[in-house]
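Report on the following structure.
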Amino acid sequence: MFYFKRFVSFVYYLRSYCIKIKEMKKKIGILFVAVLSVFVMTSLMSSDVEKGINFDHMSLADAKVEAIKTGKLIFIDCYTDWCGPCRRMAKTSFKDERVGNAFNGNFINLKIEMEKDLDRKEIAMKYRINAYPTLLIINGEGKLIKKVLGMQSVDGLLHLAKTEE
């Protein structure tokens with residue numbers, strides 16, 4: 001009889017334990033759905049069109065062909081991954097809506113990572129890049145129109161865009 005009572009109490013214990021596990025699974029499921037909903041909402045909100053400069057993913061040769069075809073100039077941001085001012089401009093100045101409006105319609109915009117991209121050697125030698133960030137404006141033939149060294153504020157970029165229009 002003693003073992004039977006122990007067995008019965010053990011069965012009740014397991015049953016209550018299983019009920020607690022089911023309740024915990026429900027709570028974890030609800031929490032998962034809530035976190036997933038927040039993630040989806042934030043990614044939908046941030047997936048709107050970027051307001052700053054839209055950099056094209058093409059080679060310098062393709063950009064020159066496009067520049068000749070469209071009559072636009074080429075804006076090149078020469079940067080490195082380790083450059084603090086380069087990263088700061090990418091997060092601030094290049095994201096400004098006014099800067100995007102000034103550059104996106106008037107230039108073919110390129111970002112060239114000067115330690116990794118294929119065009120880095122040609123650009124570094126031809127335009128004498130020795131500091132970062134360096135901003136270049138060139139025409140479709142590759143002729144240098146303007147070269148600016150160092151981090152630029154929003155106003156500096158707007159001035160750069162207006163002087164070349």
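Only one of these is surrounded by fewer than 18 Cβ atoms within 10 Å (Cβ to Cβ) and closer than 19 Å to Ser153 by Cβ: Lys95, Lys116, Lys121. Name it.
Lys95
Any chance region 52-59 includes a residue that's within 21 Å of Ala131 (Cβ to Cβ) and buried (at least 20 other Cβ atoms within 10 Å of the Cβ)? Please lay out each step first, then the result.
If we filter region 52-59 for residues that are within 21 Å of Ala131 (Cβ to Cβ), which is where we start, we get 53, 55.
Now narrow it down to the ones that are buried (at least 20 other Cβ atoms within 10 Å of the Cβ): 53.
Yes, region 52-59 has at least one match.
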Checklist entry - Do we have Ile112 as β-branched (Val, Ile, Thr) and modelled with pLDDT of 95 or more here? => result no
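Given the criterion of a type outside the set (Gly, Ala, Ser) and within 13 Å of the chain's Cα centre (by Cα), identify the matching residue among Ile74, Ile53, Ile68, Ile112. Step through it out loud before you land on a result.
Working: Ile74 fails: within 13 Å of the chain's Cα centre (by Cα); Ile68 fails: within 13 Å of the chain's Cα centre (by Cα); Ile112 fails: within 13 Å of the chain's Cα centre (by Cα).
It is Ile53.
Determine, yes or no, whether Val154 is in contact with a Leu (Cβ under 6 Å, 6 or more places away or on another chain), assigned by TED's automatic domain parsing to the domain that holds Tyr79 and of a type in the set (A, V, I, L, M, F, W, C).
Criteria not met by Val154.
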Checklist outcome for this item: Of (1) buried (at least 17 other Cβ atoms within 10 Å of the Cβ); (2) touching a residue at least 60 places away in the same chain (Cβ under 8 Å), Ser153 fails just (1)
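Show me the strands (runs of 3 or more DSSP E) entirely contained within region 58-146 in which 3 or more residues are free of Cβ contacts under 8 Å to residues at least 60 places away in the same chain.
Values: elements: 73-79, 107-113, 134-138.
Correct list: 73-79, 107-113.
The values are calculated or read from the model by the stated rules, or taken from the named source; none is laboratory data. What you see is a predicted model; the values in this text were computed from it and never measured. Neighbour counts run over all protein chains shown; Cβ positions are idealised from the backbone, glycine included.
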